[in-house]
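Working notes for the structure below.
All of the numbers you see were taken from the coordinates with simple rules; none came from a lab. The shown structure was predicted, so the numbers you read here are calculated from the model rather than taken from an experiment. So basically every Cβ, Gly included, is an ideal-geometry build from the backbone, and we count neighbours across all protein chains shown.
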4 protein chains.
Amino acid sequence: MSLLKRINPFSKQNDETGFGTNPNGYGGRFINRDGSFNIRREGRPFWDRFSVYHSLLNLSAWKFTCVILLFYFSINLLYTGIYWLLGTEQFQGIIGQTAWARLKEIFFFSTETFTTVGYGRVNPVGDGANMVAAIEAMTGFLSFAVATGLMYGRFSRPRAHLVFSDHALIAPYKDMTGLMFRFASYKDNHTLTNVDVTVTIGLQIVEDGTPVYKFYSLPLERGKIESLSMNWTVVHPIDDNSPLLGFTAEDMRNADVEIYVLVKGFNDVYANTVLQRTSYTYEEIQFNRKFIPMYRESENGRTTILELHLLNKSREIN
Amino acid sequence: MSLLKRINPFSKQNDETGFGTNPNGYGGRFINRDGSFNIRREGRPFWDRFSVYHSLLNLSAWKFTCVILLFYFSINLLYTGIYWLLGTEQFQGIIGQTAWARLKEIFFFSTETFTTVGYGRVNPVGDGANMVAAIEAMTGFLSFAVATGLMYGRFSRPRAHLVFSDHALIAPYKDMTGLMFRFASYKDNHTLTNVDVTVTIGLQIVEDGTPVYKFYSLPLERGKIESLSMNWTVVHPIDDNSPLLGFTAEDMRNADVEIYVLVKGFNDVYANTVLQRTSYTYEEIQFNRKFIPMYRESENGRTTILELHLLNKSREIN
Amino acid sequence: MSLLKRINPFSKQNDETGFGTNPNGYGGRFINRDGSFNIRREGRPFWDRFSVYHSLLNLSAWKFTCVILLFYFSINLLYTGIYWLLGTEQFQGIIGQTAWARLKEIFFFSTETFTTVGYGRVNPVGDGANMVAAIEAMTGFLSFAVATGLMYGRFSRPRAHLVFSDHALIAPYKDMTGLMFRFASYKDNHTLTNVDVTVTIGLQIVEDGTPVYKFYSLPLERGKIESLSMNWTVVHPIDDNSPLLGFTAEDMRNADVEIYVLVKGFNDVYANTVLQRTSYTYEEIQFNRKFIPMYRESENGRTTILELHLLNKSREIN
Amino acid sequence: MSLLKRINPFSKQNDETGFGTNPNGYGGRFINRDGSFNIRREGRPFWDRFSVYHSLLNLSAWKFTCVILLFYFSINLLYTGIYWLLGTEQFQGIIGQTAWARLKEIFFFSTETFTTVGYGRVNPVGDGANMVAAIEAMTGFLSFAVATGLMYGRFSRPRAHLVFSDHALIAPYKDMTGLMFRFASYKDNHTLTNVDVTVTIGLQIVEDGTPVYKFYSLPLERGKIESLSMNWTVVHPIDDNSPLLGFTAEDMRNADVEIYVLVKGFNDVYANTVLQRTSYTYEEIQFNRKFIPMYRESENGRTTILELHLLNKSREIN
């Protein structure tokens, strides 16, 4: 029997994913594990497509520091070059005897100007050097403004700070089976309020001889909670309304299953709605395993401890 | 038969557009192609109406740089003028022999003060110059604050970053015809979530001898999608509920048709709801053309490529 | 017949205003014309109640500048005082011969330090002066940070920028009468999207011998529009569901009528939901007047002009 | 009769709290009085869990100032150490005769560099000192950027600014009893719009021999108001739908009752949705007491005064 016929006719198709249905045009998974979309844009100039803000916000702290240092030294080298071309005789107070020593002094004059420190031992007297210094000081001024904005943008950008389990599990649930995964906020003091989770499944199926994508909503045991202070195990019961009813592991592999997860909530540290995505492909689904609890009471019995290192811990069921 | 009678009686009128219905008071299209409203305000002072924030945010990077440079040189010229009037004898360390040389030195002293570099070779000793320098330094200080805010405002301002097709097409759709246009996000990594699109049509029609505007909602094949990672072709099927049922190209021209489009969604780079408008007038509607697909699989088959240069590409249908 | 009995029994009472119902504890109107609440807080320390952020954001540009200048001169006077107490011998480079001249030099040294200009002619050599200068420079640094935040907060704070008509009018509407007022956005390029308006009326009525406040929702001819690019005349039809049905001007005065208006919408310049309130008391209601149109076509017929100076213009009806 | 059987069967259970139901894993109250969650995270590195932004935003002004001062002096000591290792001969203009005097001069040179004041009397001539100074100036530059962001974040962070009564009271209400508490905004000019309050109760109950947590929604006399300009007394009527119907003080103690309160609204000073939580445990519930009014008319009768010091004032009822 074909896979198409095997799909539960009582399951609810989802035509509003925004994904296309023609596998010929598509390559690979739709959503990467980190929640980004597996897509590339072409046909417009790089600077049109490139999102400076997004890129700098998403850089790791380490890379961000490198970008800033690199920028700082490059721009000072640039200005040093200009001053050098204008000639060191346009400056007062230079004490270096060799060209190399004078070049270094010019470079440090440039850093003093760019950062607006301006000690003043070396200072411009010629018109050219004066004018370039006036422009460099303003450049520094504005770079500072940009850096301030980026810094603020980086640490104030609303995020969900969620961590998802590496695998989705299929395990006994009540008197049937269920598909489940779990997630938690890993940041102290970050609690999401009014959290919604939406789960959709994508299947690649042969219809009238041509392969097409079909999308189905996965109804959940519980699709929203009031506050996410702990972990949350999301369960899709494989019941009479589930598109997965009767599916074997083999079927899932054939259908190139991908499960799309979207979590939305209000983060009150940022006072903003945040969302985070992830997806599970066939390789990331495990059968006959169950999550083990990930919290315990503290020693003094007065608080609860969320054990984040247990997030991925599951045990086999026979 | 009059145009009014020709309008499909089963179509849904939209009385909540917020546009007026009296063409005598109105001129031209309601919404420009770039989504701004075709309206001008009068009767309040310029500074009341002028939105500095909006204006500076919407300036191109190039013009914004010019505005800043212009401001920088103007304010330094202003302060140079004041120092000059106070007299160069209020300064220590000036080495220029001619008036012109001294003027330049005063100008560069001003830039050093405004940017808070303060080399100190030239420095104020007179009370007047000292006081003006104190004020200039604070002005620079605050200008910097404003620049920082503007910079941050410019790159953190939530936008939809959508690009719409230049034309709306009327083409066969299923077993009838449909009005369609498409759009896509042109920025890498910018995906809209929970995207809604609303389409309204405005017609100018003669009722009891006087022309009036009538507005109708255009029902869509699909009015919302969960995520806009790709392009989206919005289709209004010209079916039994469509106000356009039975309309000829001639009718559309006579009715001075304008189609208003509003797209709303949540952009999670900015973590904010964003919206973008556009409109299509009669001239921007093409008949018997169909869009061609604008995405393809990558060479290695592991990702999908959105071909933005094909956004406006359509082919004739006979 | 008592006023209470005269209130239309089909009108809808509003118990969710958040206002109290006991006139003994209340004084004056609930909402001022500018939309602020007519209320004062007591019983907590001033700094608890005082909202620095709100206060500085709402100051006029003129007063804000004064606050900044005042702060700048005060803090420099303070530091000048400290340096003076430490003694001018802690400084190098002072050239003044009299105490007054030296005091001025110390003051300007302070401004140079606070703004981080630091010319360096006058510079600290004593330990005390050096330490105070180090602290002053940091104070300046942080003041700048605060100023930057305030500047940005001031011009990026989301506002509705609406202007309401000075009076609400009661005038013939269709085949009955209606209560109407109008408003418009006075800022170029600021358009509200999905605008909602809610109107509630408060009446002071004697019930069982004691006066109480009663609140009723006023149903509107149209309570929301899709975009507010023009002016909007809000109309409450005094029909069978209106609490005002059968009310005379005299009745309104006796009931100490107050009409609360709340407008909400999405401002896409700020990309934020904004709201603005106002209220009309009995004195601000005019009878038998009708608003005159406030827009016209431009000379070339290609755009529409919103005439804001006509906002309050109405004509008598007989 | 067991507590479980005593729970009103008509009350509505709440399965969406996001709290667990197994008391063995949980310790103490779920929500602290200040609204934070009584939970601790383990199993991920400190810097992963630690939320710098949240921590610095929530520090008191006093502690925040100390953190900044501490940072300022530490980083200058660090740089002083580096300069000292490079040797004072790398500097020009040092006038100290002793090592200690020179060390101090180096320290003040460092503060001048970090704050970008740069008087220039002492200035680097050696390559090492020059390079370190260039880096220190940039560090100062960026620290300033961070400070600016933090300052702005601190005073622009949307908060509800609510103060809750210390106790929830159980008192006669209409012809039954009710559970009530009250709260008010303590900041001048801060009014919440469209305020929602949600109240949930948690009970620890023995079911089939094992203790479990059960959660019930508490229906309110009024769950939302349009604007919170005054205080609001929230009332849960203990009627036929209340889980508390028939509960004695003893029962509440046994069930280890905890009442979770969540208030949400739109604060238009911040133009943002804000929320605030609190909870009341058994110890914080008082019986047979009623709140006394907390507002009065002003002397001139033109405004209303909210008396915040009366927030916790109640009187006994017999």
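Summary table
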item: Mean Cα-pair separation over length for the stretch B:238-294, i.e. relative contact order, pairs under 8 Å, 6 or more apart, %; result: 27 percent
item: 10 Å beta-carbon shell around residue C:267, net charge (K/R +1, D/E -1); result: +1
item: For residue C:32, label point 7 Å along C-beta direction: distances to other copies, nm; result: 3.8, 3.8, 5.4
item: Convex hull volume per residue in cubic angstrom - Cα atoms of the stretch D:104-260; result: 235 Å³
item: Per-residue [θ]222 nm for chain D (sum of -39500 (n - 2.57) over DSSP H runs n ≥ 4, rounded to 500); result: -9500 deg cm²/dmol
item: Where labels lie 7 Å past Cα in the beta-carbon direction, separation of residue A:166 and residue B:174 in nm; result: 4.7 nm
item: Axis-proximal residue, chain B, for the rotation superposing B on D (Cβ, Å); result: B:120, 3
item: Inter-copy spacing of residue D:292 label points, which lie 7 Å from Cα along Cα→Cβ, given in nm from shortest upward; result: 5.9, 5.9, 8.4
item: Cβ-based net charge around residue A:129, under 11 Å, with every Lys or Arg adding one and every Asp or Glu removing one; result: -3
item: Percent RCO, i.e. relative contact order, over chain C, from Cα pairs under 8 Å lying at least 6 residues apart; result: 22 percent
item: Spatial separation of Cα centroids for the stretch B:119-175 and the stretch B:197-269, in angstrom; result: 37 Å
item: Copy-to-copy label separations for residue C:13, where each label sits 7 Å from Cα toward Cβ, in nm and ascending; result: 3.7, 3.7, 5.3
item: Stokes-Einstein D (µm²/s) once Rh is taken as the Kirkwood radius of the stretch B:223-283 over alpha-carbon pairs, at 20 °C in 1.002 mPa s; result: 151 µm²/s
item: When the stretch D:52-156 is reduced to its Cα atoms, the Kirkwood hydrodynamic radius in Å; result: 14.8 Å
item: Relative contact order of the stretch D:162-316, pairs being alpha-carbon contacts under 8 Å that are 6 or more residues apart, as %; result: 28 percent
item: 12 Å beta-carbon shell around residue C:58, net charge (K/R +1, D/E -1); result: +1
item: Likely footprinting exposure, A:186, A:72, fewest C-beta neighbours within 10 Å first; result: A:186, A:72
item: Quarter of Cα convex hull surface for the stretch D:1-120, i.e. mean projection, nm²; result: 14.4 nm²
item: Pairs of lysine residues in the stretch A:162-316 - Cα separation under 23 Å, sequence separation of 8 or more or cross-chain; result: 9
item: Cα-based Rg / Dmax (Å) for the protein assembly as shown; result: 34.8, 106
item: For chain C, convex hull of alpha carbons as volume per residue, Å³; result: 221 Å³
item: Spin-label model distance (nm) - residue A:298 vs residue B:61, 7 Å beyond Cα toward Cβ; result: 5.0 nm
